[in-house]
Amino acid sequence: MEEHRIPLTELLPVIREVLASGGEFSLKPRGESMRPYFCEGRDTVVLSAMMQAPKRDDILLYVRANGVPVLHRVVRVEEDGTLSMRGDSQYFIEYGIKREQVVATVKRFYCRGKEKKTDAFGARLYCVRRRVTYPFRSFSRRALGFIKRRLRRAFKHG
């Protein structure tokens, strides 16, 4: 099958139309925000219409207030019904995403040609691990960077 690179903003009307007619829409995600779960150029996600209220750990395609479409994971469903979202490789949480901004959900994807379901046991385990390690990831990334810089200096001057 031939691949085309079309900006997601241009695809949104088509995606909405396909989902409204009961279909699914496949695309290759771009960017680094959902690494390592989705890798650009390797994986294909299958978008489906939202059939139920979003819940924690769901992966949603939504449109930010500035019109930019984003594929991120639900971190929390707030009491007022808004969503807090974050990419798996990011540290900041985006608050106040309204249900009307959500375009689709990801229930399955293809990694190296193999189908994977986002509600499978391994996927749920991955989400728990990401939640538990979240507070430590920023620290460990900074510590690793510090060690690398020190080693570079030591070998450069030594």
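Take region 105-158 and flag every residue that is under 28 Å from V74 (Cα atoms) and aromatic (F, W, Y). F109, Y110, F121, Y126, Y134, F136, F139, listed by residue number. A count restricted to region 126-158 and to residues that are open to solvent by less than 100 Å² (accessible area, probe 1.4 Å) and either under 29 Å from D57 (Cα atoms) or not hydrophobic (A, V, I, L, M, F, W, C) (or both) stands at 16.
Okay, residues lined up against (1) open to solvent by 70 Å² or more (accessible area, probe 1.4 Å); (2) at negative phi:
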{"site": "R16", "(1), (2)": "yes, yes"}
{"site": "E24", "(1), (2)": "yes, yes"}
{"site": "R30", "(1), (2)": "yes, yes"}
{"site": "S33", "(1), (2)": "no, yes"}
{"site": "G41", "(1), (2)": "no, no"}
{"site": "V46", "(1), (2)": "no, yes"}
{"site": "A49", "(1), (2)": "no, yes"}
{"site": "P54", "(1), (2)": "no, yes"}
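Scanning region 56-100 for residues that are open to solvent by 40 Å² or more (accessible area, probe 1.4 Å), under 22 Å from E10 (Cβ atoms) and not hydrophobic (A, V, I, L, M, F, W, C) gives R64, N66, E100.
Considering region 101-125, the residues that are more than 27 Å from V68 (Cα to Cα) and not basic (K, R) include one that is most open to solvent (accessible area, probe 1.4 Å), namely F121. Determine whether D43 is more than 15 Å from V103 (Cβ to Cβ) and either out of contact with any Asp or Glu (no Cβ under 8 Å at 6 or more places or on another chain) or among the aliphatic types (A, V, I, L, M) (or both). So D43 fits the description; yes. Selection of region 13-25 for residues being in contact (Cβ under 8 Å) with a residue 24 or more places away in the chain and of a type outside the set (D, E, K, R) yields I15, L19, A20, G22, F25.
The criterion of at least 1 residues that are touching a helix residue (DSSP H, G or I) at 6+ places or on another chain (Cβ under 8 Å) is met, among strands (runs of 3 or more DSSP E) falling completely within region 40-158, by 43-48, 59-63, 69-77, 83-86, 102-111, 114-117.
The values are calculated or read from the model by the stated rules, or taken from the named source; none is laboratory data. Remember, it's a predicted structure, so these values are computed and weren't measured experimentally. Ideal geometry is used to build each Cβ from the backbone, glycine not excepted, and the neighbour counts take in all protein chains shown. In case anyone asks, the SASA skips ligands and DNA or RNA and just uses the protein heavy atoms, side chains included. Shrake-Rupley method; radii C 1.70, N 1.55, O 1.52, S 1.80 Å.
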